[in-house]
Structure formats: structure tokens, C-alpha cells
Amino acid sequence: MDIDNGEILLVPVRRYGYLLLAGLTAATAGVVLPAGPASAAVGVTGTRTIAPGLTLSTVTGTGSALPVQVFEADLSTPTLGVKYLSGTTVSRSTQTVQAMATGGGAVAAVNGDFWDPVEDGTAAPNGTAISNGTLRSGRAATAGYNGVAAFTPSGAGTLAAYTQLYLKATVTPAGGTAFTADQLNSPLLIADGVGVYSELWGSAPRSSATRNATRVREVVVSQGRVTAVNTTAGGAVAAGSVALVGTGAGVDRLAGLTVGTAVTVDYRPVDAAGQPTAATVAVGAHPSWILVENGTTRTFTDTTTRPRTAIGFSADGTRIWVLAANGDGERGMTFAQTAQTLKELGADDAISLDGGGSTRMVARLPGATAVSAVGGTTTAERPVPNGLSLTSTARSTDCSPSASIFAVAPDGKMYLYGLHDPSTTSTTWEYVNDKNAIGAGWNQFGKVLGGPGGRVYGIKADGLHQYVWGGLTDRWTYPVRSLGTQFSEYALPGSRDKITVDRQGDFYRVDSAGNLIWSRLNEQNWTWSIEQTIATGWDKYDKVLAADAGVLYSRAAADGRLYRSHFDTTSRTWVTKEVWAGAGWDQFGSGVFSAGGNTLFGIPASGDLLQYRHREWNSAWAISGRDIGDGWDDFADVAASPDACRLTAAVYRP
């Protein structure tokens, strides 16, 4: 039924949502209604970290018959971001949350705003939408529905808030009087209003947006001039054009615009003070379903139990709680239970997003490479027009099943070992070739390096030599000549630890003047396509070691401290440079090597092999000094293939 509370008029447009009509504003929607049943004290169980700064938990004590899932996001985490999800256009571009999250590179996502039903409408969201700083849809104060979940960059992180944003749209005819418009790309125009439709609108006929109007006028503006005037609204808007649609008295505002008239249409989102918003992401908040405001829970006459999606905000804006109470028809939560749950979790403000069949939460669980539904969902996923997602740029270590480790004995024989699960605490060893040598004569080289793709490099007085291990059947292949005498000095004891190869096959070396030189070999013609000094003053280090593409660990000669740097070879700039990573690395006199992906392995005087794995996002050691073998001091040189592991944001592993 319709709900009429004085100035509030909500008309049901589908099973669990409502569409605002003329006269509804955030202020009139703030009526406090009699209380419905609230939840008991909530508890949090089964917490899993989805990405640094983001956890997924099951919340108990909510009153829901089915599991309630909550994302808690610390938005001050530099690697954590918020992204608006949608199809290409505003209307008729619905997708499932899982599809949008996958396409948007999300680690977690939920459905978004209430929306116009596709059966007889536009499938467009009702409220304001901002994606990556671009306003996709909006409403002036005259049109109501101005509440939003807004996300604003703040330093290295993001601030989140429930706030009010307004469309400021001005139409200025040449030589005429400027007037305002009320809505941008809205699914239903208010009575006596003017709506602006941009090329982002999509294919839905705008006649659906005027379905309650008796007078309609549409003016199409292309390249700054009126090109068409119609008494019915059209569909898609051409690139470089806008359509102005008036209803009722709004038609009169458009009366002076005739074909050929020069006209400027300007629109932007502003805050309550009329200033341009700094929010780069926003999704609309239905004014009747504001759950918590300034620490006080709202109360509702609607006590139905349904699937719910909601979001809560901390008072300081650095933390959000995103809740999904899944259900199947009658199961889920009441609005009051949802409000109480978010308040008890810590929210100072909270809003309901669309619920019912639209409710959906997805997450990329630890170790997974794709998002999947969470929370015991029992219904088929409904395509929706928009959503909110959390993204993470934090890189974790991801490894192939085994890392190849090449060890050279003093008599020149080379042995190959396979280290399974090299980034975990479940490592096991494989002795390739039944403990027999895979080569001889390697003691001719003063330094042996591991490279990607089975490459092994030896350095002696005449320069650098490359060999490629093809397995027990194909054995070794190699060029017949030196690849560069500029590497000869790294065969000497004082320099042999100052050269390294990363997982891309790029070389980094410190010369006698302390220059850090980046080199890249073109294997098509066996020439060096890059020879570039990228840093100076590195003579203070007695060891450099590549542990991923452009990731270098350097050991200070004076005190054994370890530093980490990251050089981006695409932009040729430093991402981070010489960041302290630990102390005591001078204990590894018998060698330090890496299998890539921030894995390090050190051989101290005892001959044990100690395993380490460094976390890039918090500069902490996930594995530190784990003993995985002994007798490694029997070898003159040990190297690993540096591409066995990689750093990637496509998977999270703690």
C-alpha cells in the first residue's frame, strides 16, 4: 500500500523498494516512527582478512534466521579503495554484483541504491551516483533523495560519510535568462520539473521517466545548439548531446528554447554549502531508510523481515561496516534489527541500500583469485544497476608449486633441488635427478645467478654466460660466447654479491663507483637494450638481491641492516627506496637468495637454510628465520629461479 505521512508519499514500485515522488526531501523523511523489534547484543565470529584493512565476519545475535555477513573496512589503509560499480550506462545496463565486481577488480562488493524496475521502467538507480569523480546521476534539493554514501580521498586513505549532495544544474540560453534543472539521468521526473539526460543515460526510453506527466517537452542540445524540440521524450542520447525534458510547469522553463538557439548546459554535484564536492564515489541513500543518524537509531513501522543490504559509517569517517542479511523471501532482518546491529558494531551513521532480491555480497576469499557469493545466499542473483566495491592494491606472494634451487659444490658439480610451497610453512624438498649432479665445471665461475625460465648465469673473467636448464631430457642450452665483459668484476670476491637478476630477467648491479645500474638483455640479438644508472651511493651496500620485478633488497656493509626498494621499470621511477626491513642480515656469510615474490633464503655459518617471506603492505615478516634444511654451507654457490614466486594484487595471502 501507499504510505502517506503528511509530506511523505512513497509508491511501491517492486517487492522491496520504493520510488520517491514530488515533494519528498531528506528533511520530511526524517519523521521518527514507532519502534519495531531490535536485535539483541551482537557478536562477531569467523573473522577472515580479505585484504589488508578489510575483514569479513559472521555477525550473531541479529535476530536473523540466516547468517549475516559484515565487511569491516579501515579506509585509512593506503592500499584499500572504494569503487562505484555499474554497467556502461545509467539505464538498462544491469549486471549481477558478481559480474560487476569481477569486471571492476574488486575484492569485495555489495549491491547499491534502490532502483526503477526494469519491467515497466528504466532499470536506473533512483539517487545520486558518482563514479571515479564523474557525476552519473543526481537530484537537486527540489527533487529530494539527496542523501548519499560518499567517499572522499584523504591523504593516503579515504573518508566515508552519510551526507547530502545536490545537483547544481544550470541551463543558459544565449541572450536569455538562465534557469535551473532538477534532475540528471533520473528514472522518474518530478512533477513540474526539468531533467537533464546525458550520453551516459543509455537506451531506456525517457518516456518512462515522464510516465506520470500530462505535459511533456523535450529539447535536444547538440554541440551547444538546440537541434530538436519534441512533445514526447526519446531514448538514447548521442555523444556530445544532452536532452532537456520538462514535465508540467517545467515545460514552460523550456519554452524559449527553439531549434538553432545557442545554449549552455552545466551541471555538477555540490554539498549543502553549495561548494563542489570532493567525493569521488557516491551512491544514493533512500531517505525513508536511514537507519542510524548521529549515533541514534531510527525506528520504523515497517517490521517485515526481508533480505537487507546496509552500510554504517564511523564518526571519524575512517571505517565502514557493510552488512548483508541474506534470505529467501520472508527470512532476513527487519530495518530495526539492521539499524541496531550496525550501531552495536560501531556505526555513528548507517543507511539501507536496496534489499530483497537485490541483496548480494561477494568477496575474494583468502587464497582465491575470483570473487564468490558469501553469506549462505539461497536465491538466484538478480542483476542490479549499481553497487559498491572495495579494491586493494596490496600485493601478496603467489608461487608456482615448486621453486628450482641450483647449488654448486666446490668440485664444480651442480645439483638441482625442488622446494615445494616455497612461500609457506609447509615446504617440502624434492631431489631432482635422484641426487645426481645435473652439470659439471661450474667452479670456473666466480658467481652463479639464477634467472627466469630455467636460466642460470655464470660470471668469470671474460664476462657473463647464460645457460638454460630444459629438464632432465633436454638438459642445457647456451650461447657460445660471453654476453658482456662489463660483468667481469662480479666474479671477484669483493663484488660477487653486488649483482642480481629479477623475475623479469633484468639485471641490477652496483659498480665500483657505487652506481646502481639496471640492464636488460635482448635475447633476439644478444645485445643490452637497457644500461641505465638508476641510483648512486649504493657502495654502502655489500649485497643486493632481487626478490621480484624491480624489487631489491640491499644489505648495509656497516651493520648488516636490510633495506627494501621497488623500482618500476615501466615508468622508470622508484616506488619506494631504501626502506628499512630488518637487522642481523650480516649473519648470512654463506649466501642469500630469492625465489621471487618477497621470499628470501639465507645460509648462516651453521649451514642451515633459513626461510623468510616479507609482506610488502606493512613491511613485516610473515615468515622469519624458519629452518628448512642443513648442510647448505657445503656448497660454494646457491641460486634460485627468481620467477617461482611473484607479487600480485590478484590474490591475498597473509
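When 85, 54, 75, 66 are checked against the criterion of being open to solvent by less than 10 Å² (accessible area, probe 1.4 Å) and in contact with a Lys or Arg (Cβ under 7 Å, 6 or more places away or on another chain), a single residue qualifies: 75. Just to verify a result, which residue in segment 339-376, among those that are aliphatic (A, V, I, L, M) and in a helix (DSSP H, G or I), is farthest from residue 111 (Cα to Cα)? Looking at the filtered set, the residue picked out is 345.
Taking each residue of segment 48-71 that is farther than 26 Å from residue 82 by Cα and looking for partners that are at pLDDT 90 or above and open to solvent by 30 Å² or more (accessible area, probe 1.4 Å) with beta-carbon atoms closer than 7 Å, six or more apart or interchain, yields 60/45. Here is the figure for segment 640-650: residues that are assigned to a strand (DSSP E or B) and open to solvent by less than 10 Å² (accessible area, probe 1.4 Å) total 2. Just to be sure, is residue 160 in contact (Cβ under 8 Å) with a residue 60 or more places away in the chain, in a strand (DSSP E or B), over 26 Å from residue 242 (Cβ atoms) and open to solvent by less than 30 Å² (accessible area, probe 1.4 Å)? Criteria met by residue 160. Taking the criterion of being crowded, with 21+ Cβ neighbours inside 10 Å and in a loop (DSSP other than H, G, I, E, B), the residues of segment 209-226 that qualify are 209, 210, 213.
Number of residues in segment 512-531 that are in contact with a Ser or Thr (Cβ under 8 Å, 6 or more places away or on another chain), exposed (fewer than 12 other Cβ atoms within 10 Å of the Cβ) and assigned to a strand (DSSP E or B): the value is 1. Tallying residues that are open to solvent by 20 Å² or more (accessible area, probe 1.4 Å) and assigned to a strand (DSSP E or B) within segment 544-563 yields 2. Filter segment 94-131 down to the residues that are open to solvent by 10 Å² or more (accessible area, probe 1.4 Å) and out of contact with any strand residue (DSSP E or B) (no Cβ under 7 Å at 6 or more places or on another chain), then identify the one that is farthest from residue 395 (Cα to Cα). It comes out as 120.
Per the conditions (1) more than 30 Å from residue 367 (Cα to Cα); (2) touching a Gly at 6+ places or on another chain (Cβ under 8 Å); (3) not in a strand (DSSP E or B), the sole criterion not satisfied by residue 410 is (2).
Is it fair to say residue 443 is part of a helix (DSSP H, G or I) and at pLDDT 95 or above? So residue 443 fits the description; yes. Restricting 135, 189 to residues that are open to solvent by 10 Å² or more (accessible area, probe 1.4 Å) and assigned to a strand (DSSP E or B) narrows the list to 135. Could you check how many residues of segment 577-607 are more than 15 Å from residue 508 (Cβ to Cβ), under 28 Å from the mean Cα position of the chain (by Cα) and either of a type in the set (Val, Ile, Thr) or open to solvent by less than 20 Å² (accessible area, probe 1.4 Å) (or both)? Residues meeting the conditions: 7. Could you go through segment 264-275 and let me know if any residue there is more than 41 Å from the chain's Cα centre (by Cα), open to solvent by 10 Å² or more (accessible area, probe 1.4 Å), more than 30 Å from residue 315 (Cα to Cα) and not acidic (Asp, Glu). No, segment 264-275 contains no residue that is more than 41 Å from the chain's Cα centre (by Cα), open to solvent by 10 Å² or more (accessible area, probe 1.4 Å), more than 30 Å from residue 315 (Cα to Cα) and not acidic (Asp, Glu). When segment 599-628 is limited to residues that are aromatic (Phe, Trp, Tyr), in contact (Cβ under 8 Å) with a residue 24 or more places away in the chain and not in a loop (DSSP other than H, G, I, E, B), the one that is nearest to residue 565 (Cα to Cα) turns out to be 621.
Answer yes if at least one residue in segment 143-157 is more than 30 Å from the chain's Cα centre (by Cα) and buried (at least 21 other Cβ atoms within 10 Å of the Cβ), and no otherwise. Yes - at least one qualifying residue is present in segment 143-157. Checking segment 282-294 against the condition returns no match, with no residue being among the aromatic types (Phe, Trp, Tyr) and open to solvent by less than 10 Å² (accessible area, probe 1.4 Å). Looking only at residues in segment 390-442 that are small (Gly, Ala, Ser) and out of contact with any Phe, Trp or Tyr (no Cβ under 8 Å at 6 or more places or on another chain), the one that is surrounded by the fewest Cβ atoms within 10 Å (Cβ to Cβ) is 426.
The values are calculated or read from the model by the stated rules, or taken from the named source; none is laboratory data. Since the structure is predicted, the reported quantities are computational estimates derived from the model, not experimental observations. No Cβ is skipped: glycine too gets one built from the backbone with ideal geometry, and neighbour counts run over all protein chains shown. Please note that ligands, DNA and RNA were not included when accessible areas were found on the heavy atoms of the full protein model with its side chains. Shrake-Rupley method; radii C 1.70, N 1.55, O 1.52, S 1.80 Å.
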